[in-house]
1. Using only the alpha carbons, work out the radius of gyration and Dmax of segment 119-219 in angstrom.
2. Hull surface divided by four, with the convex hull built on the Cα atoms of the chain: how many nm²?
3. Enter the accessible area per residue of segment 61-141 (Å², integer; probe 1.4 Å; all protein chains in place).
4. Under 16 Å from the 7 Å Cα→Cβ point of residue 99, by amide nitrogen: which residues of segment 51-83?
5. Work out the charge dipole of segment 140-207 with +1 on the Cβ of Lys and Arg and -1 on the Cβ of Asp and Glu about the Cα centre, then indicate which of 162, 146, 207 is farthest towards its positive end.
6. Suppose every Lys and Arg Cβ carries +1 and every Asp and Glu Cβ carries -1, with no other charges. What dipole size does segment 101-155 come out with about its Cα centre, to the nearest 20 debye?
7. Please work out the C-alpha center-to-center distance from segment 65-81 to segment 183-209 and express it in whole Å.
8. How large is the helix-only mean residue ellipticity at 222 nm for the chain, computed as the sum of -39500 (n - 2.57) over DSSP H runs with n ≥ 4, divided by its residue count, in deg cm²/dmol to the nearest 500?
Amino acid sequence: MNLILLGPPGAGKGTQASRLVKERGLVQLSTGDMLRAAVAAQTPVGQKAKAVMESGGLVSDDIVNGILSERLDSPDIANGFILDGYPRTAVQADALGEMLAAKGLTLDHVIELEVDEEALVERITGRFSCASCGEGYHDIFKQPRVEGVCDVCGSTAFKRRPDDNAETVRARMEEYHAKTAPILPHYEALGIVARVDGMADMESVAASIDKLLDAEAAG
Ligand code: AMP
């Protein structure tokens with residue numbers, strides 16, 4: 001099963017994707033994670049992407065299409081994948097269509113997480129994660145059970161994304177409206193778009209997505 005998760009920054013795409021990885025053995029393909037890794041490793045791609053990411057703008061289609069295409073060549077995607085944060089523009093959506101056709105792959109669902117954007121600013125600016133295992137936390141909604149200690153691995157080091165500040169979040173939302181939301185009609189025409197209320201609590205969002213995927217599996 002191959003999916004796209006769509007929605008503005010902070011809609012919960014990453015949270016739902018990592019859950020689906022654990023529960024269904026799908027692979028999460030997050031172009032944001034791939035770019036952050038490139039920035040950390042100071043590769044040529046990372047050097048080009050760093051300033052754009054910090055400003056909340058979009059990295060060039062050529063760069064992102066290149067890293068995604070390479071990733072789709074890995075054998076681990078055979079059990080299914082979740083695209084998280086890609087495609088984000090019409091050019092990327094077209095490129096994806098061509099890549100999938102060339103590799104004999106199809107998309108089963110495009111899931112759009114619908115959200116109240118003002119609430120998202122609070123959601124995003126409060127988030128942080130374990131620097132060791134990556135478990136996600138939030139200042140208001142999900143503190144570690146013991147303050148300063150990761151519930152999962154016990155690490156005491158945490159990190160925040162540099163682009164998770166109010167100003168950058170608003171720029172990222174504008175990019176979403178201007179460039180990403182307009183690709184939805186393309187997938188609507190294929191009859192594969194489902195909308196899920198992303199403002200519900202994490203478990204309800206998960207249940208709605210599971211219902212959709214299980215209905216598909218039941219045929
Ligand atoms: P994300 O982790 O998906 O929120 O992405 C973080 C940042 O990485 C974005 O604000 C963009 O600067 C960049 N980025 C991630 N995915 C893409 C993409 N598909 N196209 C262009 N830029 C991207």
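The values are calculated or read from the model by the stated rules, or taken from the named source; none is laboratory data. These numbers come from a predicted model, not from an experiment. Every residue, glycine among them, receives a Cβ derived from its backbone with ideal geometry; neighbour counts consider all protein chains shown. Keep in mind that these areas ignore ligands, DNA and RNA; they rest on the heavy atoms of the full protein, side chains included. Shrake-Rupley method; radii C 1.70, N 1.55, O 1.52, S 1.80 Å.
1. Cα radius of gyration and Dmax of segment 119-219 are 17.3, 48 Å respectively.
2. Numbers: hull surface 47.9 nm².
Spelled out: convex hull of the Cα atoms, projected over all directions, averaged, 12.0 nm².
3. 45
4. 59-83
5. 162
6. Details: 5 positive and 11 negative charges, 77 e Å.
Using Cβ point charges on Lys, Arg, Asp and Glu, segment 101-155 gives about 380 debye.
7. Each part's Cα centre sits 23 Å from the other's.
8. Value at 222 nm, helices only: -14000 deg cm²/dmol.
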